[in-house]
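Worksheet: one structure, shown below.
The values are calculated or read from the model by the stated rules, or taken from the named source; none is laboratory data. A quick note: this is a predicted structure, and the numbers were derived from the prediction, not measured. Neighbour counts run over all protein chains shown; Cβ positions are idealised from the backbone, glycine included.
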Amino acid sequence: MTESFQTIRLARGQLKQTIEAVSRAFLDDPFLKYIAPDDAHRARLTPGFVSVAVKYCYFYGEVWTSAAAEGAACWLAPGQTSPSLIGMLRTGALTTPFKFGKAGFARFNEVIAYTETVHKQCAPMPHWYLWVLGIDPFQQGKGLGGALLKPVLERAENDGLPCYLETQNEANLAFYQKHGFDVVSDGATPKGDLRVWAMMRQPKTHSSK
């Protein structure tokens, strides 16, 4: 059943609770399972991994959440869709992958190199980049995900800009397609062990400005 949610820009005081909610959403995500197959190891490291994206988008992009911080849509704005070195240092992005161990770190680098290449190929134009969308499992299926996407999707539509994302979870495709995204790349990492879908939402109308 779809509920009505109040969506707001993430406040600093909501960071911890939001990271916890998004971490629960990503605990069994195919990407994280690929770099950390052991359940206990992955459970320990997922919050730190998720915090990088949430904090980076909080500082340098936009994060939309609910009043109760039950999830987050983490966006990077046009012209700023490639994380900066300073920003990665500030959020711990340069050290977090090492915590997954040597093999996990190698798999992480494999996936990141692949997705960065696909991103550049599929979205060379100015666009909004949905880095992370995660909803607490207890709130999934109620309409919160769509509500958190709405503010930026509407702005991109008004400005005549596309939105781009990648997902490694095939179960997410129908949700994103419902919100106007189409698959623009369907491939796998070099070793063929992780499938990656890139999706783009083109604006239906363009700004007359």
For segment 6-62: of the residues being out of contact with any strand residue (DSSP E or B) (no Cβ under 7 Å at 6 or more places or on another chain) and among the acidic types (D, E), which is farthest from N109 (Cα to Cα)? E20
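Can you go through K142, K178, K120 and tell me which one is in contact with a Phe, Trp or Tyr (Cβ under 9 Å, 6 or more places away or on another chain) and of a type in the set (D, E, K, R)? I'd like the intermediate steps shown before the answer.
Working: K178 fails: in contact with a Phe, Trp or Tyr (Cβ under 9 Å, 6 or more places away or on another chain); K120 fails: in contact with a Phe, Trp or Tyr (Cβ under 9 Å, 6 or more places away or on another chain).
Within the list K142, K178, K120, the selection yields K142.
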Which residues, taken from segment 51-66, are touching a Phe, Trp or Tyr at 6+ places or on another chain (Cβ under 9 Å) and either surrounded by fewer than 16 Cβ atoms within 10 Å (Cβ to Cβ) or more than 20 Å from Y164 (Cβ to Cβ) (or both)? S66
Output yes when any residue across segment 162-181 is in contact (Cβ under 8 Å) with a residue 40 or more places away in the chain, part of a helix (DSSP H, G or I) and farther than 20 Å from F26 by Cα, and no when none is. no
Can you tell me which residue in segment 67-96 is surrounded by the most Cβ atoms within 10 Å (Cβ to Cβ), limited to those that are touching a residue at least 60 places away in the same chain (Cβ under 8 Å) and farther than 26 Å from G160 by Cα? G71
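Residue check: is E166 loosely packed, with under 13 Cβ neighbours inside 10 Å and of a type outside the set (K, R)?
Details: loosely packed, with under 13 Cβ neighbours inside 10 Å: no; of a type outside the set (K, R): yes.
No, not satisfied.
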Regarding segment 72-86, can at least one residue be identified that is of a type in the set (A, V, I, L, M, F, W, C), over 12 Å from the mean Cα position of the chain (by Cα), at pLDDT 95 or above and in a loop (DSSP other than H, G, I, E, B)? yes
So which residues in segment 118-161 are surrounded by 19 or more Cβ atoms within 10 Å (Cβ to Cβ) and either aromatic (F, W, Y) or in a strand (DSSP E or B) (or both)? W128, Y129, L130, W131, V132, L133, G134, I135
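Quickly run through segment 35-48 and pick out the residues that are in contact with a helix residue (DSSP H, G or I) (Cβ under 6 Å, 6 or more places away or on another chain) and under 13 Å from G101 (Cβ atoms). Steps first, please.
Keep residues of segment 35-48 that are in contact with a helix residue (DSSP H, G or I) (Cβ under 6 Å, 6 or more places away or on another chain), which gives 35-36, 42, 45-48.
Result: I35, A36, R42, L45.
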Give me a count of the residues in segment 177-209 that are of a type outside the set (G, A, S), touching a Lys or Arg at 6+ places or on another chain (Cβ under 8 Å) and closer than 20 Å to L76 by Cα. 3
Kindly provide the set of residues from segment 11-37 that are outside any helix (DSSP H, G or I), within 24 Å of W197 (Cα to Cα), without any contact (Cβ under 8 Å) to a residue 60 or more places away in the chain and of a type in the set (A, V, I, L, M), ordered by number. L27
